[in-house]
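What follows is a set of notes on a single structure, which appears directly below.
The values are calculated or read from the model by the stated rules, or taken from the named source; none is laboratory data. Nothing here was measured: the structure is a model prediction, and the numbers come from that model. No Cβ is skipped: glycine too gets one built from the backbone with ideal geometry, and neighbour counts run over all protein chains shown.
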């Protein structure tokens, strides 16, 4: 009996040691990620869904501390915060980094290019875009994991914006980059400010309008509590929000964690396009009912904007990386018949 008890004790210790070894071998990735979207906005909820998905698919091996509404650093500083280790990943967009290299314009917001998010995503995954963009991100010690593209954005305005003539002397919030050049050419007065400052700037009259986000996101931010005019469907801007991670952190992750995050981004991209399309339609109905005027631009006015935007691309492509990306887009857009004649 003593021998049996001793054997049982040995087996128990061995089992405990084996379980401990298995626990120790489980690989954990802990990430700190910031987005500029608020948790209550459509895109904020989609970001939360992405985080929940990668945590579930990794069986809890990927653990994320998520920061919304640029609560750690300003939106434009998120990329550098991730590159330097203050954060691990940047869930904003490449358009914020045009001051670093104008090439980021052509992975952040191409402007006057693709008509739908599906066309834009097809360039990334089937037009050589991911490989071209990755060279740019790697240069700054970051890894581009993927895009999520909601579709054409809508302008919010305190006065009608029915066509390009209404841009004259229109003071509006603009993200940094090429957009300021395009709108200035058309008579507007773009003012670059952080995403989180838009509501107050509209409320206090510093600006007459804003290029912020989709119609639904703008509604979620409360912009149409102040601004009673919007462009819809949009035409001017279809930014690609990105997930980009510190290169050393990314390379140090287990391969299956990287695969989970990359593939989940493709799911997020599809869900974003579908969700925003539905949310925009619902937002449009709500805004009309509440007295907000939606301005649908005529085809010829949209064509004029597209021509002005595409004419500005070469002016902004002043680095080898930017020139390479513009050439890639032009080649793909030509195949799709979307290059302005």
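Here 112, 95 are screened, and the one residue that is assigned to a loop (DSSP other than H, G, I, E, B), in contact (Cβ under 8 Å) with a residue 60 or more places away in the chain and crowded, with 17+ Cβ neighbours inside 10 Å is 112. Among the residues of region 231-264, the ones that are under 30 Å from residue 302 (Cβ atoms) and either free of Cβ contacts under 8 Å to residues at least 12 places away in the same chain or surrounded by fewer than 20 Cβ atoms within 10 Å (Cβ to Cβ) (or both) come to 1 in all.
Of the residues making up region 285-306, those that are farther than 14 Å from residue 162 by Cα and in contact (Cβ under 8 Å) with a residue 40 or more places away in the chain are 286, 287, 290, 291, 306. For region 49-59, how many residues meet the condition of being in contact (Cβ under 8 Å) with a residue 24 or more places away in the chain and outside any helix (DSSP H, G or I)? Final tally of qualifying residues: 1. Just to be sure, is residue 269 crowded, with 23+ Cβ neighbours inside 10 Å, within 15 Å of the chain's Cα centre (by Cα), modelled with pLDDT of 95 or more and in a helix (DSSP H, G or I)? Judged against the criteria, residue 269 is a match. Just one of the listed residues (220, 128, 209) is touching a residue at least 40 places away in the same chain (Cβ under 8 Å) and within 24 Å of residue 318 (Cα to Cα), namely 128.
With respect to (1) buried (at least 23 other Cβ atoms within 10 Å of the Cβ); (2) farther than 26 Å from residue 66 by Cβ, the lone exception for residue 117 is condition (2).
Can you tell which of 163, 158, 138 is in contact (Cβ under 8 Å) with a residue 24 or more places away in the chain, closer than 21 Å to residue 78 by Cβ and surrounded by fewer than 24 Cβ atoms within 10 Å (Cβ to Cβ)? Working first, answer last.
On the way: 163 fails: closer than 21 Å to residue 78 by Cβ; 158 fails: closer than 21 Å to residue 78 by Cβ.
Result: 138 is the single residue among 163, 158, 138 that is in contact (Cβ under 8 Å) with a residue 24 or more places away in the chain, closer than 21 Å to residue 78 by Cβ and surrounded by fewer than 24 Cβ atoms within 10 Å (Cβ to Cβ).
Taking the conditions (1) more than 22 Å from residue 267 (Cβ to Cβ); (2) part of a loop (DSSP other than H, G, I, E, B) in turn, residue 106 satisfies each one other than (2). When residue 318 is tested against (1) buried (at least 20 other Cβ atoms within 10 Å of the Cβ); (2) part of a loop (DSSP other than H, G, I, E, B); (3) out of contact with any strand residue (DSSP E or B) (no Cβ under 7 Å at 6 or more places or on another chain), exactly one condition is not met: (1).
For residue 279, state whether it is in contact with a helix residue (DSSP H, G or I) (Cβ under 7 Å, 6 or more places away or on another chain), within 26 Å of residue 219 (Cβ to Cβ) and not in a loop (DSSP other than H, G, I, E, B). Step through it out loud before you land on a result.
On the way: in contact with a helix residue (DSSP H, G or I) (Cβ under 7 Å, 6 or more places away or on another chain): yes; within 26 Å of residue 219 (Cβ to Cβ): yes; not in a loop (DSSP other than H, G, I, E, B): yes.
Spelling it out, residue 279 is indeed in contact with a helix residue (DSSP H, G or I) (Cβ under 7 Å, 6 or more places away or on another chain), within 26 Å of residue 219 (Cβ to Cβ) and not in a loop (DSSP other than H, G, I, E, B).
Is there a residue being surrounded by 15 or more Cβ atoms within 10 Å (Cβ to Cβ) and in a helix (DSSP H, G or I) anywhere in region 284-295? Within region 284-295 (the criterion being surrounded by 15 or more Cβ atoms within 10 Å (Cβ to Cβ) and in a helix (DSSP H, G or I)), the answer is yes, since at least one residue qualifies. Residues in region 69-84 that are out of contact with any helix residue (DSSP H, G or I) (no Cβ under 6 Å at 6 or more places or on another chain) and either assigned to a loop (DSSP other than H, G, I, E, B) or within 30 Å of residue 309 (Cα to Cα) (or both): 69, 71, 72, 74, 77, 78, 80, 84. Summed over region 128-158, residues that are in contact with a helix residue (DSSP H, G or I) (Cβ under 6 Å, 6 or more places away or on another chain) and either within 21 Å of residue 225 (Cα to Cα) or assigned to a strand (DSSP E or B) (or both) total 9. Among residues of region 159-217 being part of a loop (DSSP other than H, G, I, E, B) and under 23 Å from residue 149 (Cα atoms), the one that is nearest to the chain's Cα centre (by Cα) is 213.
If you check 31, 46, 87, which single one turns out to be touching a helix residue (DSSP H, G or I) at 6+ places or on another chain (Cβ under 8 Å), modelled with pLDDT of 90 or more and assigned to a strand (DSSP E or B)?
Numbers: 46 fails: assigned to a strand (DSSP E or B); 87 fails: assigned to a strand (DSSP E or B).
Only one candidate qualifies: 31.
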